Each structure stands twice: as C-alpha cells, then as structure tokens.
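Data block below; observations after.
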Amino acid sequence: MYICICHGVTDNKIAQAIDEGARSMRDLSKDLGVGTQCGKCCNCTKKILNEKLIEIVDVTEQVA
C-alpha cells in the first residue's frame, strides 16, 4: 500500500528500510523522503516504524 504519495513510498519500502537499519523518522525521511513534502504520511509511517521496532525488540529478547 502506498504510504507517501508524494514520493511513491509503500509500506513494504518503509519496512525494508527499517530492516536495513533505519531507526527513526529522521532516518526514513533521509532514506526515502517520507514526511518531507506535504506531511500527510507521517502518522502512518510512525505507526509502521513503531510496530517494526517492537518486533525487533521482541525477537532480540527471545534470542537473548
């Protein structure tokens, strides 16, 4: 699904960027351009970011 229409960024691209090391909105803005034009994508992007970071923490805790 497209999250950022201004830059053509999908939820999958955001998830991939997080998997590759993005850990903040600033990282995602720099890497993908989300939130740098009209800003309507910020809430959805933050939701995806938070969900993915929670998944990463959960997996890390299970491994440890």
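Any residue in segment 41-57 that's of a type in the set (S, T, N, Q): show its pairings with residues that are at pLDDT 95 or above at Cβ separation under 8 Å, as long as the two are six or more apart or on different chains.
That search, which allows pairs on different chains as well, returns THR45/ILE3; THR45/CYS4; THR45/ILE14; THR45/MET25; THR45/LEU28; THR45/VAL34; THR45/GLY35.
Going residue by residue through segment 34-45, is there one that turns out to be open to solvent by 100 Å² or more (accessible area, probe 1.4 Å) and under 11 Å from the mean Cα position of the chain (by Cα)?
Taking segment 34-45 and keeping what is open to solvent by 100 Å² or more (accessible area, probe 1.4 Å), we get 37, 40, 43.
Subset that is under 11 Å from the mean Cα position of the chain (by Cα): 43.
For segment 34-45, residues open to solvent by 100 Å² or more (accessible area, probe 1.4 Å) and under 11 Å from the mean Cα position of the chain (by Cα): present.
Does LYS13 fit the bill of being at pLDDT 95 or above, more than 20 Å from ILE54 (Cβ to Cβ) and not hydroxyl-bearing (Ser, Thr, Tyr)? I'd like the intermediate steps shown before the answer.
On the way: at pLDDT 95 or above: yes; more than 20 Å from ILE54 (Cβ to Cβ): no; not hydroxyl-bearing (Ser, Thr, Tyr): yes.
No: the conditions fail for LYS13.
Which ones in segment 2-18 are touching a residue at least 12 places away in the same chain (Cβ under 8 Å) and open to solvent by 100 Å² or more (accessible area, probe 1.4 Å)?
Taking segment 2-18 and keeping what is touching a residue at least 12 places away in the same chain (Cβ under 8 Å), we get 3-7, 9, 11, 13-15, 17-18.
ILE5, the sole residue that qualifies.
State which residue is modelled with the lowest pLDDT when the search covers only segment 48-64 and only residues that are charged (D, E, K, R) and surrounded by 13 or more Cβ atoms within 10 Å (Cβ to Cβ). Talk me through it step by step, then tell me what you get.
If we filter segment 48-64 for residues that are charged (D, E, K, R), which is where we start, we get 51-52, 55, 58, 61.
Subset that is surrounded by 13 or more Cβ atoms within 10 Å (Cβ to Cβ): 52, 55.
Numbers: LYS52: 96, GLU55: 93.
The qualifying residue modelled with the lowest pLDDT is GLU55.
The values are calculated or read from the model by the stated rules, or taken from the named source; none is laboratory data. Treat the numbers as computed from the prediction; the structure is a model and nothing was measured. When we count neighbours, we look across all protein chains shown, and the Cβ atoms used for this are built from the backbone with ideal geometry, even at glycine. For the accessible areas, the whole protein counts, side chains as well, though only heavy atoms, and no ligand, DNA or RNA atoms are used. Shrake-Rupley method; radii C 1.70, N 1.55, O 1.52, S 1.80 Å.
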